[in-house]
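Just so it is clear, none of the values below were taken in a lab; they were calculated from the coordinates. Please read all numbers here as calculations on a predicted model, not as lab measurements. We place every Cβ from the backbone using ideal geometry, glycine too, and count neighbours over all the protein chains shown.
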Amino acid sequence: MSANRQGTQDNSRGHQRGVGVVELIIVIAIVGILAAIAVINFRRASVSMRLQNSVRQLASFMERARLDAVRRHSTSSITFSNTNTYVVRMDFTNTGAVTDRTYTFQPDIQLASADLPNVTFDWRGRTSSAGTICVTTFSVKSTNPNEGLSVDVSGSGDVTVENQLPSLPNVSYTNVNSSSGVNIRAGVSGSTVPDNSPCVDVAGVMTGDSGPPSCGIHSDKTVLYIKKNGGATGSVLISMSVPSLITVTKPSNLTVSPTSASVTNAGSTFLITSTNTLRGPFNVTFASQCGSSLTVRVNVTN
């Protein structure tokens with residue numbers, strides 16, 4: 001009887017030890033999963049912070065360069081040499097000596113737009129680059145393809161990030177008599193409306209051809225305008241002089257449907273949509289299996 005009781009107690013202790021090991025493994029697994037999630041979130045937050053810091057520094061240098069040009073009654077500029085490095089040309093020491101200083105975005109941060117933006121401010125603080133009455137727009141992204149910030153530099157020299165314009169104070173106004181309450185000398189005559197169009201509008205829309213007759217590729221447009229974040233979808237009609245398989249190469253902030261298709265002389269339509277808030281010019285390349293290719297500029301606007 002005593003031996004049976006002893007055996008029962010040993011089995012119970014063994015079962016308890018077994019349950020304890022299983023529970024320990026489960027706890028370790030849960031802790032490991034939570035730790036992995038925490039690490040992923042930390043990395044994302046770190047990349048997001050580097051993105052914001054890089055864009056904030058760039059916008060700050062643009063504002064300083066603008067003020068420097070006005071102060072010296074000359075020009076200052078910001079020129080990108082590659083997708084993550086830019087050169088600021090201005091008087092850094094307030095001595096009248098203009099020098100170049102090179103700055104680099106923080107790790108994993110780079111330009112998302114197809115073109116390298118170059119901005120020059122004149123003595124009035126305006127942009128003296130090509131298309132001075134328009135807005136230069138470009139985007140900066142992180143390694144996360146769904147995260148980025150857009151920068152606008154207007155023809156008047158204003159620099160904004162993600163359209164974050166200063167808000168006007170809430171002020172109550174009283175009625176003003178149009179004849180006695182307004183000094184006509186304070187008015188400026190003229191009817192010209194400011195043009196806030198993006199500089200990409202200067203490119204125009206035209207058809208494109210590429211490749212020899214034996215492998216010619218044609219598009220009904222080489223410049224396309226769509227709205228950010230899926231606001232509007234654009235289409236491009238691609239045709240071939242001889243039937244061929246067309247494959248599409250695009251940036252991560254755009255979707256193209258279909259991504260590949262067999263195209264004949266009759267042509268096939270490809271739909272292009274923006275997937276996030278990045279704005280600016282982006283390139284979509286259509287390459288044929290027989291060797292020819294053609295690039296369409298996609299301008300993503302508000």
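Odds and ends about this structure:
- Rounded to the nearest 20 debye, dipole of the stretch 204-301 from Cβ charges on Lys, Arg, Asp, Glu: 380 debye
- Label sites at LEU116 and VAL98, each approximated as a point 7 angstrom past Cα along Cα to Cβ, lie 1.9 nm apart.
- Residue-span extension gain [SER257 to ALA29] - 0.36 nm each, minus C-alpha spacing: 78.0 nm
- Interchain or long-range residues, amide H under 5 Å from VAL242's placed H: GLY216
- Taking Cβ atoms as reference points and 13 Å as the exclusive limit, the residues near THR277 contribute a net charge of +1, counting Lys and Arg as +1 and Asp and Glu as -1.
- Cα shape, the stretch 38-161, gyration tensor, a/c 1.5 rule: prolate
- Summarising the amide proton neighbourhood of GLU147: residues at separation of 5 or more, or on other chains, whose placed amide H is nearer than 5 Å comprise SER142.
- Cα shape, the stretch 204-301, gyration tensor, a/c 1.5 rule: prolate
- Neighbours of ILE238 by Cβ distance under 13 Å: Lys/Arg scored +1, Asp/Glu scored -1, total -1.
- Between SER156 and HIS73, residue separation times 0.36 nm minus the direct Cα-Cα distance comes to 28.3 nm.
- Per-peptide average of other Cβ atoms within 10 Å, ordering 58-70, 83-95 highest first: 58-70, 83-95
- Placing unit charges on the Cβ atoms of the charged side chains and taking the dipole of the stretch 204-301 about its Cα centre, the candidate lying farthest along the positive direction among SER241, THR277, LEU294 is THR277.
- As a rough footprinting exposure proxy, the listed residues THR120, THR233, THR127 were ranked by other beta carbons within 10 Å of their own, and the order from fewest upward is THR233, THR120, THR127.
- ³J(HN,Hα), Karplus 6.51/-1.76/1.60, whole Hz, each residue of the stretch 224-233, x for Gly, Pro: 10, 10, 9, 8, 5, 6, x, x, 7, 9
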